[in-house]
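Here's the structure we're looking at; comments come further down.
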Amino acid sequence: MLKTRIIPCLDVKNGRVVKGINFVDLVDAGDPVQQAKYYSENGADEICFLDISASIENRDTIITVVKKTAEQVFIPLTVGGGINSLKNIRDLLKAGADKVSINTAAIKDPEIVKKSSDFYGSQCIVVAVDVKRSGDKWLVYSHGGTKNTGIEALGWLEKLENFGAGEILLTSMDKDGTKSGFDLEILSKATKILNIPVIASGGVGSKEHFYEGVINGGASALLAASVFHFNEISIKDVKNFLISKNIKVRI
């Protein structure tokens, strides 16, 4: 059985780490390079950068952040935000990213998932899926969680796996920043139908929530932001807690 990964997520806007609730009300949470270095030295298995205001004019900003981070951090680095071409992917991988996370572009044209996984290998293609509950189902949102696509989430996840996604980053917008725990219902449904790893995202507020994400949600990796950024829980504390519950993690 593969060891469960703990991944701090750094939402980057204009070169700074920010964090909000339900994707809004953002507050500054520090310098991304220094944050990444700190997490790397204190037990993180990977780092995830999401350029939440990605656009042509600030593309160079995130490239610079990735380059500086790759010089100081020696664990896998995933970068997402505004990626819409093989050139974007190439530039980020060349800058030092180990994986890229595609979201809106995959919704616009799922072929980018197939083309990029064929060209660069599925191991470095993560597809981020932001979902919000609607009645008895979940719908996919695009453009940083601002647009309801009307796409049913579980069917979309299966399609992404078929197109060659190597991993899914599944974020519950309902849970984002609430510290009330992962949306275990959608998470467990997703992990049961998929054969690729699922990273659980959205809602962590305690060490128990990480445990629930693995045991009840079936997640291969657990992503969190605010509880790490504001020193409410340390990654080492999480790992020690999971070890005490007989969950295998990297030490």
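The values are calculated or read from the model by the stated rules, or taken from the named source; none is laboratory data. Source: prediction; values computed, not measured. Cβ atoms come from the backbone with ideal geometry, glycine included; neighbour counts cover every protein chain shown. These accessible areas exclude ligands, DNA and RNA; they are computed on the full protein's heavy atoms, side chains included. Shrake-Rupley method; radii C 1.70, N 1.55, O 1.52, S 1.80 Å.
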**Complete:** Among GluC sites (Glu not before Pro) in region 165-242, those in a DSSP loop whose Cβ has at most 15 other Cβ atoms within 10 Å are Glu232
**Message:** Just to make sure I understand: if all protein chains stay in place, what is the order of Lys248, Lys179 by accessible area at 1.4 Å, largest first?
**Reply:** Lys248, Lys179
**Request:** Within region 69-101, report the trypsin sites (Lys or Arg not before Pro) that DSSP leaves as loop and that have at most 15 other Cβ atoms within 10 Å.
**Result:** none
**Fill in**
If amide H atoms are modeled at 1.01 Å from N in the peptide plane, then the residues at a separation of 5 or more from Lys179, or on another chain, having amide H under 5 Å from its own are Gly203, Val204
**Item:** Candidate aspartates and glutamates - alpha carbon under 18 Å from Lys115, same-chain residues fewer than 8 apart omitted
**Value:** Asp91, Asp98, Glu158, Glu161, Glu167
**Request:** Starting from the Cα-Cα distance between Glu158 and Asn42, subtract it from 0.36 nm times their residue separation and give me the gain in nm to one decimal.
**Result:** 38.3 nm
**Request:** Would you work out if region 147-237 is rounded, prolate or oblate? Take a ≥ b ≥ c from the square roots of the eigenvalues of the alpha-carbon gyration tensor; rounded if a/c is under 1.5, else prolate when a/b is larger than b/c, oblate otherwise.
**Result:** prolate
**Charge dipole (debye, nearest 20) of the chain; +1 at Cβ of Lys and Arg, -1 at Cβ of Asp and Glu** = 380
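Please tell me the relative contact order of the chain in percent, rounded to the nearest whole number, where contacts are Cα pairs under 8 Å and at least six residues apart.
Details: 542 pairs, mean separation 47.3, N = 251.
Once normalised by length, the contact order is 19 percent.
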**Fill in**
At R0 = 22 Å the Cβ-Cβ FRET efficiency linking Lys147 and Asp174, nearest 0.05, sits at 0.85
**Message:** Name the residue from Gly202, Ala153, Ala165 whose Cα lies farthest towards the positive end of the charge dipole of region 110-204, charges +1 on Cβ of Lys and Arg and -1 on Cβ of Asp and Glu.
**Reply:** Gly202
**Item:** Restraint check, Lys108/Lys179; Lys132/Lys189; Lys67/Lys87; Lys37/Lys67; Lys3/Lys137, Cα-Cα greater than 23 Å
**Value:** Lys108/Lys179; Lys3/Lys137
**Request:** On the protein heavy atoms, probe 1.4 angstrom, tell me the percent of accessible surface of the chain carried by carbon and sulfur.
**Result:** 49
**Request:** Work out how much length Leu93 to Lys3 would gain on full extension: take 0.36 nm times their residue separation and subtract the Cα-Cα distance, in nm to one decimal.
**Result:** 29.9 nm
**Å² per residue, accessible surface of the chain at 1.4 Å** = 44
**Item:** Distance-filtered residues of region 118-133 - backbone nitrogen under 13 Å, label point 7 angstrom along Ser206 Cα→Cβ
**Value:** none
